[in-house]
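Questions regarding the structure given below will be posed in turn.
The values are calculated or read from the model by the stated rules, or taken from the named source; none is laboratory data. All figures in this text were calculated on a predicted structure; none of them were measured in a lab. Glycine also receives a Cβ, built like all others from the backbone with ideal geometry; neighbour counts cover every protein chain displayed. Protein only, heavy atoms only, side chains kept; ligands, DNA and RNA dropped before computing areas. Shrake-Rupley method; radii C 1.70, N 1.55, O 1.52, S 1.80 Å.
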Amino acid sequence: MTDMTTIPAMATITEVHPLSGDTSFFRLGLKEGEAQGFTFTPGQFVQLSVPAAGEFPISLAGSPGHGRELELCVRKAGHVTAVLHNLRPGDPVAVRGPFGTGFPVERMRGNDVILLAGGLGIAPLRSLFHYFLEHREEYGAITLMYGAREPSAILFRDELAELACRRDIRLMLTVDFLTEEPAGGPVCRVGLLPGLLMGIKLRLDQTYAAVCGPPALYRCLITELLGLDFPENRIFLSLERRMKCGIGLCCHCAVGDFFCCTDGPVFSYDRIKEIPGVI
Amino acid sequence: MQKNFLSNESFPLFLQGLAASGDLHGPVLTDDGVMAFRPICSPADIQLDCIRTLIPPKKYFFPPKEAILTYSPVKGYQLTKAAGKKVILFGLHPCDLAGIAYLDRVFLESQPDPLFVKRRKAVTLIGLSCEPDEYCFCGTMGTAEPQNFDIFMHRTEAGFYLSAGSSRGKKIIRRLSVLLEAREPPSPVPCECKIEETILQAATRGETFSESRLWEDFAGRCLSCGACSLCCPTCYCFDVQERGRLDGETAERLREWDNCLFKSHGEVAGGHNFRKTREERFRYRFQHKYLGFGPMRGIVSCVGCGRCRDVCPVKIDLMELFREKANIL
Ligand SMILES: Cc1cc2nc3c(=O)[nH]c(=O)nc-3n(C[C@H](O)[C@H](O)[C@H](O)COP(=O)(O)OP(=O)(O)OC[C@H]3O[C@@H](n4cnc5c(N)ncnc54)[C@H](O)[C@@H]3O)c2cc1C
Ligand code: SF4
Ligand code: SF4
Ligand code: FES
């Protein structure tokens, strides 16, 4: 096995399909031998290299149980992601990682969990959600609340429609605006994500929240959760920062005196709440 | 008693002797009039009275721009090989040695950086005592006491008192001992450390001076030119770029010195910037220099070399924050 911290390990794209106008799903297969026993915790990320274009941090969006097979959900956001979006199955990419501190799945065991995803924030939470489903009996009530701008921006629509039929989880979707409803999509409400929390019954001392989304969403979601008396040390957020190295070296990603890439990206709210501009 | 004294007369021969262990580099005055660590062609070029070079010695271990990886479709990504040419770096003042010690902690400790390791091993550090000017404050930072050297040369009127700090240094001194004589070294003059206590206390309690009006003042004057971190011996943040080569198949990944006072430093895709204002960027610089991030939390990284105060075109000085607090403006 090569050192995947400094040298990107080669991988092949095995599947690509669009999830929305600007976001696609990528499945990668790490080369055999290079990445024996690759595993991770939901919430961790990798640095994905697109040869001759560059490298960027990306959440692992699949279940950790798939070994050398990685699932990513990538929005075309700039130079490198645009080049990636032009690649096809069979094309080479490379991976460093996994990096960072993910969600505390061990600590969450035996508790209820509520996952709150806004937009692209579904990527790391999908990994966590699949992890919970694969270990269903070890966790209490599982709720996924997911908000997108409009129906066509809901990522993983088909998968969610299927999951919506399961009786052992609760899935709640909402969109900011109702444009045309795409046929066959899962049922969703209209309104902002924090609105879904209203009227929800939570066992506060036995529930963990996992939150991921754009900064503006954090501010109103946290207000809402704290309004429900949700304990600060049971709210886990995944933060985004500019990242170049992923290993606490390039100094771009600091939040307060933490490195987002190593101490995070997942932090409990009580650890970061005093840091100005953190969300 | 050990032979430890090098007379001024023997100094040129000593330099020649050093050059037998590697390429000799030291402070010289360049054609464009700046002090710089450069290869020494003749002993007369060495600027023994150099107070500080513009660019600190970090460039020997961590060049301004270097290829870190290469890519080819057949071999994938591979580490580049650092040259690792042996260099004897002469004329390092205690602050610069302290700066190198800090970088050693960053790049050699928890996850050794292969390129840094290679380059660092190839360089022999020869320290030299100095006279501070009005910009220096190594005494304040507790870095006046030399550390992390292979050989340290304490300069006096008649010559230099040598001490070895490593087995490599000992070996060189032994090899050149014919040039040395045994003398009792002068007792060290203790440094005056006016506000070291203030700084260390502030660092220990994680002081961010959040209420100070100085931030606004700094932000209003700063030109975002980046000189202050370019010339800082302990600033090491870097950007990474990948460039395809002309053959259309292979590529090179470069890392390049970056600067936290540049606007792009905290910007992410989509245009959101976590340090939009210059004031936020200044606080970030302060936090890194005096409080530290991640595993370097609690370690003050300013070594008091005075370069940033000297080069800043608008004379911004983060030390004012401490002086304001301690009422010694
Ligand atoms: C921990 C983490 C997880 C992420 N997970 C996902 C995900 O699952 N899906 C997804 O689509 N996006 C994710 N992102 C954002 C993604 O990294 C950026 O969209 C991407 O870097 C844009 O690169 P670019 O070259 O296309 O854009 P450009 O704007 O051209 O960026 C150039 C370089 O700047 C840096 N950079 C720019 N934006 C960001 C950013 N937002 N975060 C960090 N570095 C940045 C990168 O080093 C990038 O290579 C994540 C970011 C972080 C920090
Ligand atoms: S912050 Fe300024 S004085 Fe301190 S080490 Fe860096 S350049 Fe020297
Ligand atoms: S040298 Fe002075 S003006 Fe230039 S970036 Fe630093 S503080 Fe600003
Ligand atoms: S990404 Fe480089 S320090 Fe965090």
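I'd like the trypsin sites (Lys or Arg not before Pro) in region A:208-279 restricted to DSSP loop residues with at most 16 other Cβ atoms within 10 Å, sorted by number. Present the calculation step by step, with values, prior to reporting the outcome.
Working: sites: A:ARG219, A:ARG234, A:ARG241, A:ARG242, A:LYS244, A:ARG271, A:LYS273; in loops: A:ARG241, A:ARG242, A:LYS244, A:LYS273.
Of the trypsin sites (Lys or Arg not before Pro), the ones in loops of region A:208-279 whose Cβ has at most 16 other Cβ atoms within 10 Å are A:LYS273.
Continuing with this model, one more query. Would you mind getting the accessible area per residue of the protein assembly as shown, heavy atoms of the protein chains only, 1.4 Å probe, in Å²? Don't skip to the answer; put the middle values down first.
On the way: 26660 Å² over 608 residues.
That works out to 44 Å² per residue.
Another question, if that's okay. Per DSSP H run of n ≥ 4, the term is -39500 (n - 2.57); total these for chain B, divide by its residue number, and report the mean residue ellipticity at 222 nm rounded to 500 deg cm²/dmol.
On the way: 11 runs with 85 residues, N = 329.
Result for chain B: -7000 deg cm²/dmol, rounded to the nearest 500.
So what's the gap between the Cα centers of region B:294-311 and region A:59-95, to the nearest angstrom?
Between the Cα centres of region B:294-311 and region A:59-95 lies a distance of 39 Å.
Divide the volume of the convex hull of the Cα atoms of region B:157-304 by its number of residues and quote the answer in cubic angstrom per residue. Don't skip to the answer; put the middle values down first.
Details: hull volume 39.5 nm³, N = 148.
Looking at region B:157-304, the number lands at 267 Å³ per residue.
How far is helix A:122-134 tilted, in degrees, relative to the longest principal axis of the Cα atoms in chain A, given as a value from 0 to 90 rounded to the nearest 10?
The two axes meet at around 80 degrees.
Tell me, Kirkwood radius of region A:112-205 from alpha-carbon pair distances, in Å?
13.6
In addition: Each residue of region B:257-263 in order: what ³J(HN,Hα) in whole Hz does its phi give by Karplus 6.51 cos²θ - 1.76 cosθ + 1.60, θ = phi - 60°, with x for Gly and Pro?
3, 10, 9, 6, 8, 7, 4
Hey, how many Å between the Cα centroid of region A:217-251 and the Cα centroid of region B:14-66?
Cα centres, region A:217-251 to region B:14-66: 47 Å.
Taking the convex hull of the Cα atoms, report for region A:57-131 its projected area averaged over all directions, in nm².
Approximately 6.1 nm², given one-decimal rounding.
Something else: Got a number for carbon plus sulfur as a percent of chain B's accessible area, 1.4 Å probe? Mind dumping the intermediate values first?
Details: 8140 of 15620 Å².
Carbon with sulfur: 52 percent of the solvent-accessible area.
How long is the gain from A:LEU192 to A:LYS273 if the chain were fully straight, where each residue apart is worth 0.36 nm and the alpha carbon distance is subtracted?
Working: separation 81, 0.36 × 81 = 29.16 nm, distance 2.30 nm.
So the extension gain works out to 26.9 nm.
In addition: Scaled to the compact-protein estimate 2.2 N^0.38 Å, what is the alpha-carbon radius of gyration of the protein assembly as shown, rounded to two decimal places?
1.12
Turning to a different aspect of this structure: Just the C-alpha atoms of region B:149-189: what Rg/Rh do they give, with Rh taken as the Kirkwood radius?
On the way: Rg = 10.5 Å, Rh = 10.9 Å.
For region B:149-189, the value is 0.96.
Through the Karplus equation 6.51 cos²θ - 1.76 cosθ + 1.60, θ set to phi - 60°, convert the phi angles of region A:52-65 into ³J(HN,Hα) values in whole Hz; use x for Gly and Pro.
Coupling constants for region A:52-65: 6, 10, x, 9, 8, x, 8, 5, 7, 9, x, 6, x, x Hz.
Turning to a different aspect of this structure: What spacing in nm lies between the two simple spin-label points modelled at A:PHE177 and B:LEU29, each 7 Å away from Cα in the Cβ direction?
Simple spin-label model gives 6.8 nm for this pair.
Still on this structure, I have one more. Among the trypsin sites (Lys or Arg not before Pro) within region B:74-161, which fall in a DSSP loop and have no more than 16 other Cβ atoms within 10 Å of their own Cβ? Let's see the in-between values first.
Working: sites: B:LYS75, B:LYS81, B:LYS85, B:LYS86, B:ARG105, B:LYS118, B:ARG119, B:ARG120, B:LYS121, B:ARG155; in loops: B:LYS75, B:LYS81, B:LYS85, B:LYS86.
Taking region B:74-161 and a limit of 16 other Cβ atoms within 10 Å, the loop trypsin sites (Lys or Arg not before Pro) found are B:LYS75, B:LYS81, B:LYS85, B:LYS86.
Ignoring solvent entirely, what values of log10 I(q)/I(0) come out of the Debye formula for chain B at 0.06, 0.10, 0.11 Å⁻¹ when each Cα is a single scatterer?
Log10 I(q)/I(0), no solvent term: -0.24, -0.66, -0.79.
For region A:133-184, which GluC sites (Glu not before Pro) pass both filters: DSSP loop (anything but H, G, I, E, B) and at most 12 other C-beta atoms within 10 Å? Walk me through the numbers before you get to the answer.
Numbers: sites: A:GLU134, A:GLU137, A:GLU138, A:GLU159, A:GLU162, A:GLU180; in loops: A:GLU180.
When the GluC sites (Glu not before Pro) of region A:133-184 are filtered for loop state and at most 12 Cβ neighbours within 10 Å, A:GLU180 remain.
What does the charge count around B:GLY266 come to, taking other residues whose C-beta lies under 13 Å from its C-beta (Lys +1, Arg +1, Asp -1, Glu -1)?
+4
Remind me, relative contact order of chain B in percent, using alpha carbon pairs under 8 angstrom and six or more residues apart? Provide the component values of the computation, followed by the final result.
Details: 551 pairs, mean separation 69.4, N = 329.
Value for chain B: 21 percent.
What is the local net charge at B:ASP133, summed over the other residues whose Cβ is closer than 10 Å to its Cβ (Lys, Arg +1; Asp, Glu -1)?
Working: positive: B:ARG52; negative: B:GLU131, B:GLU134, B:ASP310.
Local charge sum for B:ASP133: -2.
Are any of the pairs B:LYS58/B:LYS85; B:LYS65/B:LYS276; B:LYS81/B:LYS121 more than 24 Å apart by Cα-Cα distance, and if so, which? Don't skip to the end; give the middle numbers.
On the way: B:LYS58/B:LYS85 16 Å; B:LYS65/B:LYS276 26 Å; B:LYS81/B:LYS121 14 Å.
Among B:LYS58/B:LYS85; B:LYS65/B:LYS276; B:LYS81/B:LYS121, the Cα-Cα distance tops 24 Å for B:LYS65/B:LYS276.
Let me check I've understood the local charge: for A:PRO194, count other residues with C-beta under 14 angstrom from its C-beta, Lys and Arg +1, Asp and Glu -1. What total comes out? Present the calculation step by step, with values, prior to reporting the outcome.
On the way: positive: A:ARG189, A:ARG219; negative: A:ASP176, A:GLU224.
Overall, the nearby charge balance is 0.
Continuing with this model, one more query. For chain A, just run the numbers: alpha carbon Rg, then divide by 2.2 N^0.38 Å, N being how many residues it has. Intermediate results must be reported in sequence, preceding the final value.
Details: Rg = 18.1 Å, N = 279, 2.2 N^0.38 = 18.7 Å.
Against the empirical 2.2 N^0.38 Å value, I get 0.97 for chain A.
Another question about this same structure. Just need log10 I(q)/I(0) for region A:9-99 at q = 0.13, 0.19, 0.24 Å⁻¹, Debye formula, equal scatterers on the alpha-carbon atoms, no solvent, rounded to two decimals.
-0.36, -0.81, -1.34
At what distance in angstrom do the alpha carbon centres of region A:116-159 and region B:141-175 lie from each other?
After rounding, the separation between the Cα centres reads 62 Å.
Where q = 0.14, 0.15, 0.25 Å⁻¹, what log10 of I(q)/I(0) comes from the Debye formula for region B:86-175, counting one point per Cα?
Normalising to I(0) and taking log10 leaves -0.54, -0.61, -1.29.
Related question: Taking Cα atoms, how many degrees apart are the long axis of helix A:215-227 and the longest axis of chain A, rounded to 10 and kept between 0 and 90?
The angle comes out at about 40 degrees.
Something else about it: Taking amide hydrogens as modeled 1.01 Å from N in the peptide plane, which residues meet the under 5 Å criterion relative to B:SER301, leaving out close sequence neighbours?
Sorted by chain and number, the residues that satisfy this are B:TYR290.
In nm², what is the average projected area of the convex hull enclosing the Cα atoms of region A:91-158?
Numbers: hull surface 26.0 nm².
In nm², the orientation-averaged hull projection of region A:91-158 is 6.5.
What is the Cα coordinate range of region A:158-260 on the first, second and third principal axes, sorted by size from largest, in whole angstrom?
Its Cα atoms span 47, 34, 26 Å along the three principal axes.
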